[in-house]
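So the structure is just underneath, and the comments pick up after that.
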Amino acid sequence: MSMFRISLGVSTWSCTLFSFFLAMLLGVSIASFAVQERPQEVVTVTAVEIPVRVLLKGDAVRDLTKEDFEVYENGIKQEITQFEVISRKIAGPALPGQKPGIQKRLFLLIFNIFDYDNAVGAAVDDFFREIFRPGDQVVVLTEGRVLNVERGKGVEELAAAIKDSLHKFKAISTAAALKNFRDISYEADRLLSALRGQSAERMSIAPVMIRFFENYQRIWTDYRRQFLEQDVDFYQSLIKRLKSIEGDKWAIAFQQREMFPRIKNASRLDNEIRAWADSQVEPQQQVDARMVQARQQDLQRAFDFSGTINAEAMSDIFLGAGFTFHLILMKSLRTIFSQDLELKEVGKDFEESLTRISRLTGGYLGFSNQPAAALKEAAALEDFHYLLVYSPRETSGGKKRNIEVKVKRSGVDVVHLKNYLSAGSLQVAVEDFKVNGRTISFTLSHYEMTQINGKRRGLADVKITIIDESSNKVFDEGKSLDLFKDETHISLNFNRLKPGTYFIIIQAVDRVSNQSDVYSGLIKL
């Protein structure tokens with residue numbers, strides 16, 4: 001039997017077997033507990049770096065000096081202690097003004113895609129063939145998860161591993177969404193038959209319609225949560241870790257425009273719903289009709305989630321870490337065969353927030369279903385900006401710093417970091433993941449320690465899920481751990497699993513700080 005072995009004496013876990021999918025998308029449930037005498041974190045800030053982009057009719061203004069800028073923190077003018085002119089791009093040799101001596105680069109590759117296809121694979125190949133060079137680091141992100149890929153012996157092996165991981169991950173993650181699309185179509189046909197009196201079942205129409213719209217909204221909510229909503233806390237935690245890595249930082253987002261089935265205007269189903277509502281004349285019938293219309297209106301309102309995405313906060317996260325954010329937008333190639341439903345673009349607010357991040361960070365914005373060609377254009381784009389540094393009078397890192405930069409030049413647009421928060425301490429992390437034969441091991445670190453019942457300790461929930469190549473869950477178990485040292489080593493042996501390729505997800509939640517980390521990727525046992 002497979003057993004968790006915690007090197008610091010924590011009790012073991014046993015293996016259980018289940019089928020796949022929901023646990024992959026759901027978080028770990030966390031029991032409540034009492035924390036006593038939690039220490040107050042103290043962070044000092046000695047220097048604040050503010051990237052500033054100055055534009056005139058969309059073009060960079062290049063002739064500014066330190067004396068042209070003024071920086072204010074919480075309304076108080078600050079002294080600029082350091083001033084740099086930054087000119088950089090991904091492709092080609094170093095540009096004049098580029099920081100000398102920096103050879104290493106960090107790339108955050110973000111795949112916000114529903115369908116993995118050959119065009120995306122070609123873009124991955126071109127990235128490693130044309131852009132990647134020795135010393136670069138690559139982090140892969142999809143659906144708000146870091147997709148960990150074991151580096152091969154060369155760039156070709158690494159590119160192949162990333163493509164294989166993306167292909168298998170997307171096949172797993174979109175399975176439920178595709179099933180839900182089919183369910184909506186089936187329920188739409190069933191409702192149409194009931195409205196036309198063609199159903200063999202004797203049923204009241206109003207409850208059937210209410211259930212239809214409630215299920216429709218539930219499916220949309222799940223889809224929106226999985227593919228569209230941005231977890232600002234997750235990005236803040238991730239970028240905080242990446243900020244400390246030396247070198248130029250670039251984010252490249254491949255964003256596939258999201259599609260979701262909607263009822264066609266003037267379709268058979270739309271006409272029958274309207275006709276039914278208009279035909280209800282009795283008082284109780286009119287009450288039923290209003291209830292149905294209320295559910296239909298709830299669904300329509302749910303499709304509009306403007307204001308729920310904090311584009312400014314996301315922009316500040318990338319700006320504060322020195323990332324240039326390139327965005328490549330692609331159309332979806334999905335189709336649906338239905339007389340009453342059509343796939344329509346959704347989540348324009350989501351795209352607009354990504355577009356704003358690209359503009360604010362000096363990045364590329366392209367619309368193309370040939371992402372490899374768009375990637376070359378992004379790599380050739382120059383990001384020209386200024387870096388202002390000041391030492392704040394108040395050094396407490398817990399204080400929010402509202403920043404304003406003024407430029408002594410009329411008619412220009414000034415784009416800069418507006419809200420600065422100290423990076424503070426690192427959050428809980430799953431690190432040093434290894435596979436040795438049938439055994440996996442990893443280290444849990446950076447969790448907070450506090451005084452609980454007079455003893456210094458940490459508390460964490462760890463859940464491990466392993467899926468085979470047939471998308472069957474072969475291991476799924478979680479456990480709450482008492483942590484007595486700054487790091488905890490965890491190992492798990494799988495003697496009963498057949499040799500082969502699996503997908504692993506490790507979810508860790510620090511119950512003291514309420515922060516989390518997720519490790520996911522392909523493994524070979």
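The set of residues in segment 442-481 that are surrounded by 15 or more Cβ atoms within 10 Å (Cβ to Cβ), in contact with a Gly (Cβ under 8 Å, 6 or more places away or on another chain) and either closer than 20 Å to Phe503 by Cα or of a type outside the set (A, V, I, L, M, F, W, C) (or both) comprises Tyr447, Glu448, Thr450, Asp461, Val462, Lys463, Ile464, Asp468. Against the condition acidic (Asp, Glu), under 29 Å from Asp233 (Cα atoms) and not in a strand (DSSP E or B), how does Glu448 come out, does it pass? It is true that Glu448 is acidic (Asp, Glu), under 29 Å from Asp233 (Cα atoms) and not in a strand (DSSP E or B).
With the structure loaded, tell me whether Ile466 is touching a Leu at 6+ places or on another chain (Cβ under 6 Å) and of a type in the set (A, V, I, L, M, F, W, C) or whether it fails that test.
Here the answer is no, as Ile466 does not meet what is asked.
The set of residues from segment 320-346 being closer than 25 Å to Val124 by Cα and surrounded by 19 or more Cβ atoms within 10 Å (Cβ to Cβ) comprises Ala321, Gly322, Phe323, Thr324, Phe325, His326, Leu327, Ile328, Leu329, Met330. Contact map, segment 513-525: first residue touching a residue at least 12 places away in the same chain (Cβ under 8 Å) and within 23 Å of Ala160 (Cα to Cα), second residue of a type in the set (A, V, I, L, M, F, W, C) and assigned to a loop (DSSP other than H, G, I, E, B), Cβ cut-off under 7 Å, separation 6 or more or different chains; pairs are Gly521/Val149; Leu525/Phe494; Leu525/Leu497. Total residues in segment 482-506 satisfying the condition of being surrounded by fewer than 17 Cβ atoms within 10 Å (Cβ to Cβ) and of a type in the set (Val, Ile, Thr): the figure is 1. Taking the criterion of being in contact (Cβ under 8 Å) with a residue 60 or more places away in the chain and within 21 Å of Ala275 (Cβ to Cβ), the only residue of segment 299-314 that qualifies is Leu299. Condition check for Phe475 on (1) under 24 Å from Ile239 (Cβ atoms); (2) aromatic (Phe, Trp, Tyr); (3) part of a strand (DSSP E or B): one failure, at (1). Against the conditions (1) closer than 19 Å to Asn112 by Cα; (2) assigned to a helix (DSSP H, G or I); (3) modelled with pLDDT of 85 or more; (4) of a type outside the set (Lys, Arg), Ala253 satisfies every one except (2). Would you pick out the residues in segment 191-219 that are of a type in the set (A, V, I, L, M) and either at pLDDT 95 or above or assigned to a helix (DSSP H, G or I) (or both)? Within segment 191-219, Leu191, Leu192, Ala194, Leu195, Ile205, Ala206, Val208, Met209, Ile210, Ile219 meet the criteria.
Residue-level analysis places Tyr235 among those that are more than 27 Å from Asn180 (Cα to Cα), assigned to a helix (DSSP H, G or I) and of a type in the set (Phe, Trp, Tyr). Count of segment 60-78 residues, restricted to those that are exposed (fewer than 10 other Cβ atoms within 10 Å of the Cβ) and either free of Cβ contacts under 8 Å to residues at least 40 places away in the same chain or within 22 Å of Asn402 (Cβ to Cβ) (or both), is 2.
Which one is farthest from Ser244 (Cα to Cα) among residues in segment 411-461 that are free of Cβ contacts under 8 Å to residues at least 12 places away in the same chain and in contact with a strand residue (DSSP E or B) (Cβ under 6 Å, 6 or more places away or on another chain)? Top of the filtered list is Lys434.
Contact map, segment 82-94: first residue on the phi < 0 side of the Ramachandran plot, second residue of a type in the set (A, V, I, L, M, F, W, C) and modelled with pLDDT under 90, Cβ cut-off under 6 Å, separation 6 or more or different chains; pairs are Ser87/Leu95.
The values are calculated or read from the model by the stated rules, or taken from the named source; none is laboratory data. Only a predicted model underlies this, so the values are computations on that prediction, with no experimental measurement involved. Reconstructed Cβ throughout: ideal geometry from the backbone, glycine too, with neighbour counts over all protein chains shown.
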